[in-house]
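For reference, the structure discussed in these notes is given below.
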Amino acid sequence: MFGASKPEILLELVRSANVVDHQTLENAIAISQRLNLPLERALMQSGSFSEESMRPLLAAKQMVENNTIRLDTAINAIRLAAHDDIDFQSALKKILSVHQKTLVTPSMNNDLTEMLTQAGVINQDQLGRAMQKSLQTKILIGRVLVITGDISSSLFNSALQAVLLLREKSISKSEAIDGIRLAHQKNICLEQALFEMGSFKTPAVGSLKLSELMRMSGLISESELAECMEIELFKNKTFGQVLREQGLATDELLEAAMMLQGSVAGGELKAYQAAEAMRLIAKENMLTENAINKVMQRARTNEEIRLGELLIESCVLTRDSVEGTVSQAVTSNVKIGKMLLDAGLITKSMLHRALRCQSLVKYGVVSKEQAVKILSSCKQKEQTLDQAITGLGISAPTRMQWSWV
């Protein structure tokens, strides 16, 4: 049973604390099973850990086994120790101090589980097992459903977004359930599902969330983002507070993030520039003002690009074919796309990729140069937009890909 055996505790510590990459962990698991080695020995044989660097993980594992601390507390302490370059015991004291001030126990029967059940994604048996495992491990139920394989991580993200939009009164409960169902059936993100349903509402330009800034800057992973969102939604905490509790950000970093968000809202920085500045602040200990100045020095004066130009520069279409079909007087991206589609110059799927890409430029999520690289990769490697974005090491909020007018 999940969370009951000793090897599984160490595995979840390593996996959830993100102390090694996914492939290294999978290789170590395979070696452990093939040679009948303890997981810690397999990890050390892989070269990812020395005996010294493995020691905090084993100490955390022992404390969880002895019921001294909860598994989620151990995970957060390991994260904080790695993030702040401090020893495990110091990190644990910090985590326990923060949690004592903000202790909230969420209900497992909540909007997330209710909508997943009503959308037909999970059944009552799966929900019951997940509830039992959540009680045993103290890990929130959505995360448990992902760990056990009952839902995919991408669908988990979509369901969390549905809960968030429902609470913001941006969609109705029936739209949220239908959106989750469609996202599950077609293996697409919630925003695309809502877009296809005609229920998507375009966000305001400059509305960069802290969660998006942290993810775009690469300071948290996709799984950490989802984990923090679930805690934010069901323990009624701010995202910044959750980041601190999880050992993923310091107060100083959160202050810098607030300043960068203000610069984006005021039109002084693009979202991708704020993300770049955030990386400089976190990774190179640069002052916020200096980081902003550095990214501004590299800024281009004109970041706008018409759909036709994007298709030409990414080598999807030739200049002659575009200019021979589309008049300079036509400025609407949707109209340009329809003219190219009617002329048989572009497929519907490639047009949708281009429109989504152009939307990212509009919101400042990617630069014009990055947009060209993304669409060029779609063409050359026959990739989906998501594959191209991931392949180029870019994180792009899905809610900013559907403003096509």
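The values are calculated or read from the model by the stated rules, or taken from the named source; none is laboratory data. Remember, it's a predicted structure, so these values are computed and weren't measured experimentally. In this analysis, Cβ positions are derived from the backbone assuming ideal geometry, glycine residues included, and neighbour counts consider all displayed protein chains.
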Quiz item: In the range 150-197, which residue that is closer than 14 Å to Leu112 by Cβ and of a type in the set (Val, Ile, Thr) is surrounded by the most Cβ atoms within 10 Å (Cβ to Cβ)?
Solution: Ile180
Quiz item: For Lys294, which of the numbered conditions (1) without any contact (Cβ under 8 Å) to a residue 24 or more places away in the chain; (2) farther than 16 Å from Ser367 by Cβ fails to hold?
Solution: (2)
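Name the single residue, out of those in the range 60-77 being of a type outside the set (A, V, I, L, M) and in contact (Cβ under 8 Å) with a residue 24 or more places away in the chain, that is surrounded by the most Cβ atoms within 10 Å (Cβ to Cβ).
Step one: list which residues in the range 60-77 are of a type outside the set (A, V, I, L, M), which gives 61-62, 65-68, 70, 72-73, 76.
After this cut, where a residue has to be in contact (Cβ under 8 Å) with a residue 24 or more places away in the chain as well, the list is 61, 65, 70, 72-73, 76.
Values: Lys61: 22, Glu65: 13, Arg70: 15, Asp72: 22, Thr73: 19, Asn76: 26.
Per the criteria, the residue is Asn76.
Quick grid of which residues meet (1) basic (Lys, Arg); (2) assigned by the TED database to the domain that holds Lys133; (3) touching a Leu at 6+ places or on another chain (Cβ under 6 Å); (4) within 26 Å of Glu222 (Cβ to Cβ):
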residue	(1), (2), (3), (4)
Asn27	no, no, no, yes
Arg34	yes, no, no, no
Leu39	no, no, yes, yes
Ala42	no, no, no, yes
Gln62	no, no, no, no
Practice problem: Being assigned to a helix (DSSP H, G or I) and either modelled with pLDDT under 95 or touching a His at 6+ places or on another chain (Cβ under 7 Å) (or both) is the filter here, so list the residues in the range 147-163 that pass it. | Solution: Ile147, Ser153, Ser154, Leu155
Quiz prompt | Flag for Ile9 being under 26 Å from Leu219 (Cβ atoms), of a type in the set (Val, Ile, Thr) and assigned to a helix (DSSP H, G or I) | solution = no
Quiz prompt | Residues of the range 297-321 satisfying the condition of being in contact with a helix residue (DSSP H, G or I) (Cβ under 7 Å, 6 or more places away or on another chain), in contact (Cβ under 8 Å) with a residue 24 or more places away in the chain and not charged (D, E, K, R) | solution = Ala299, Ile305, Leu307, Gly308, Leu310, Leu311, Ser314, Cys315, Val316, Leu317
Self-check item: When residues of the range 311-334 are limited to those that are out of contact with any Lys or Arg (no Cβ under 8 Å at 6 or more places or on another chain) and of a type in the set (A, V, I, L, M), the one surrounded by the most Cβ atoms within 10 Å (Cβ to Cβ)
Solution: Leu311
Exercise. Could you list all residues from the range 126-147 that are under 15 Å from Glu227 (Cα atoms) and either free of Cβ contacts under 8 Å to residues at least 12 places away in the same chain or not charged (D, E, K, R) (or both)?
Key: Ser134, Thr137, Ile139, Leu140, Ile141, Gly142, Val144, Leu145, Val146, Ile147
Quiz item: Residues of the range 283-319 being hydroxyl-bearing (Ser, Thr, Tyr) and modelled with pLDDT under 90, which ones?
Solution: Thr301
Quiz item: Among the helices (runs of 4 or more DSSP H) confined wholly to the range 302-405, which include 3 or more residues that are touching a Leu at 6+ places or on another chain (Cβ under 7 Å) and closer than 19 Å to Ala193 by Cα?
Solution: 348-362
Quiz prompt | Failed item in (1) under 26 Å from the mean Cα position of the chain (by Cα); (2) over 16 Å from Leu243 (Cα atoms); (3) crowded, with 22+ Cβ neighbours inside 10 Å; (4) free of Cβ contacts under 8 Å to residues at least 40 places away in the same chain, with Leu57 passing the rest | solution = (4)
Practice problem: Quick one: Asn236 ticks every box in (1) of a type outside the set (Asp, Glu); (2) in a helix (DSSP H, G or I); (3) within 25 Å of Lys138 (Cβ to Cβ) except a single one, so which number is it? | Solution: (2)
Quiz prompt | Filtered residue count, the range 166-197, keeping only those that are assigned to a helix (DSSP H, G or I), more than 30 Å from His22 (Cα to Cα) and in contact (Cβ under 8 Å) with a residue 12 or more places away in the chain | solution = 11
